[in-house]
Amino acid sequence: MKKYTIAIIGAGPGGYVAAVRAAQLGAKVCLVEKERVGGTCLHRGCIPSKSYICSAKALKNVREAGLFGVEVGGEAKPDLGKIRERTQRIISNLENGIQHLLKSNGIEVINGEASLASTQKIRIDGGEGSRTDIESEKIIIAAGSSPAPLPAFQGIDVLTTDTVFNMEGIPSSLAIIGGGVVGCEFASIFSGFGSEVTILELESRLLPGEDPEIVKILEREFKKKKIKLLCGVKVVKAEERDGRKALCLEGGKEIEAEKILVSVGRRPNSSGLGLEGIGIALDPKGNIIVNERMETSVAGVYAIGDITGKWLLAHAASKEGIVAVENAMGFQSVMDYSAVPSAVFCDPEIGSVGLSIQDAEKKGFRVKTGTFSTRMLGKAQVTNELAGEVRLTIEEGSERLLGARIIGPYASELIHEAALAVSKGLTVRDMGETVHSHPTFSEAIMEAAWAGYKTSIHGGK
Ligand code: FAD
């Protein structure tokens, strides 16, 4: 039986990054993957969705070219076949890159479905009856998550994020169930492609959990794009009617659409891994319970990424992978989520890091905000991207930045300035004193920092 220092189950952004770090630290590493390296992120998540978003953006730019004094002949139209082809090319390029990285670090990749036979043994079923057993001193579980199903839809042909990228035509109308991050991104994509989009959300607003002021701006911009928002509604049943789908809502209202996309969250891929057999503790939703060192309840077995149900973000999974490996190799490492940024790549984009005003107040901080509207920037005027706002959460007295919320162009990029400030304990004065290039969207962060700092001066400091 082959023996390794570290064996990792799942080659998504958690697993493959962990494998590379382990090899760099001198471990003999085995990475087991039942499908393709890259995981959800590369094949059904981050990358294909951002590729579609870029196509929707390209279409918008062409359609708005006249505003910039540029004449474009003929009607600009999306071609989903070509968008899919482009997306597949990007995925293959990135997949080749990961394979090369794994090979050049001497990592053995085994294709097959892994389950734990004991705390140091993994059984790998490779299909057609083939089976490999391996032994490893330490094991990291990075098996990810899958779209959560809706019981109301059994027997009805609905799209999930696993199938939406195989869709061949652009639907005339699309009902999206779930107004979270993924629902908002797909609403931007398909409304950009010309579908009539309706979002149905159980909570009273989109992106529950996000700063309400930011969500207000998003909802306003979505409405301008004619995206219909039905918040505070519960879908109780779905039916097929003459090639269309009908959604029955609690209270009797009905919505019809050509296609339905269900994006109501994810569930961990924890069944079938043999976890119960070796006593790994799960929470009631099936997520593997881990501590800040990414250790499970069983010594020598770690879990990272979506299967822990914590942050459900690719970069969080990667960082957790590094933490798990460092601990497995005898170093001391803990996972700190206080400055992990997140982004919603809809139009307009949203970037968040650290505490929102509401979170900070709940935690007992004395806080104030520094805000700045993107509309006032020279850059926003020249690019004609006016909607947006920066909202900083500042600790009263120390002037330390506790968090930031940005909505508007490039928010997913701009948020990293705030992430650096939160992670290094910088003050809004530090941020305001840092000279920012003109004309840029980054100036909004500097202005929001000064706005927040001035508030305290006016408050008598
Ligand atoms: P995964 O990426 O799910 O990888 C797990 C791997 O384990 C899979 O390849 C699977 O085949 C394999 N596996 C499972 N069971 C076994 C087994 N028994 N044996 C062997 N292999 C197994 N996050 C972001 O940060 N930014 C984004 O823009 C973003 N966009 C997203 C868009 C969509 C539509 C979706 C669905 C998700 C998006 N995410 C995004 C979330 C991101 O994809 C996940 O958080 C990330 O992929 C989790 O990484 P992971 O390594 O934990 O799991």
Can you find, within the stretch 13-68, the residue that is surrounded by the fewest Cβ atoms within 10 Å (Cβ to Cβ) among those that are among the β-branched types (Val, Ile, Thr) and over 28 Å from ASP133 (Cα atoms)? VAL62
Tell me the residue from VAL197, VAL233 that is more than 26 Å from LEU313 (Cβ to Cβ) and either without any contact (Cβ under 8 Å) to a residue 60 or more places away in the chain or under 25 Å from the mean Cα position of the chain (by Cα) (or both), please. VAL233
Go through the stretch 58-75 residue by residue and tally those that are small (Gly, Ala, Ser) and modelled with pLDDT of 95 or more. 4
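Considering the stretch 78-108 alone, what residues qualify as being in contact (Cβ under 8 Å) with a residue 40 or more places away in the chain and more than 30 Å from LEU31 (Cα to Cα)?
PRO78, LEU80, GLY81
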Taking the stated definitions as given, is HIS43 more than 23 Å from THR163 (Cα to Cα) and not in a loop (DSSP other than H, G, I, E, B)? no
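The rows are residues; the columns are (1) more than 13 Å from the ligand (Cβ to nearest atom); (2) in contact (Cβ under 8 Å) with a residue 40 or more places away in the chain; (3) on the phi < 0 side of the Ramachandran plot.
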site	(1), (2), (3)
ALA328	yes, yes, yes
LYS368	yes, yes, yes
LYS379	yes, yes, yes
ALA387	yes, yes, yes
GLU399	yes, yes, no
SER412	no, yes, yes
Residue hits (the stretch 25-34; assigned to a loop (DSSP other than H, G, I, E, B) and more than 6 Å from the ligand (Cβ to nearest atom)) are LEU25, GLY26, ALA27, LYS28
Subset of the stretch 421-440 [among the hydrophobic types (A, V, I, L, M, F, W, C) and free of Cβ contacts under 8 Å to residues at least 12 places away in the same chain]: VAL435
Do we find that VAL37 is among the aliphatic types (A, V, I, L, M), within 21 Å of the chain's Cα centre (by Cα) and in a loop (DSSP other than H, G, I, E, B) in this structure? yes
If we scan the stretch 267-280, do we find a residue that is surrounded by fewer than 20 Cβ atoms within 10 Å (Cβ to Cβ), more than 9 Å from the ligand (Cβ to nearest atom), assigned to a strand (DSSP E or B) and in contact (Cβ under 8 Å) with a residue 60 or more places away in the chain? yes
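The values are calculated or read from the model by the stated rules, or taken from the named source; none is laboratory data. If you're wondering where the values come from, they're calculated on a predicted model, not measured in any experiment. Methodologically, a virtual Cβ is constructed for each residue, glycine included, from the backbone with ideal geometry; neighbour enumeration extends over all protein chains shown.
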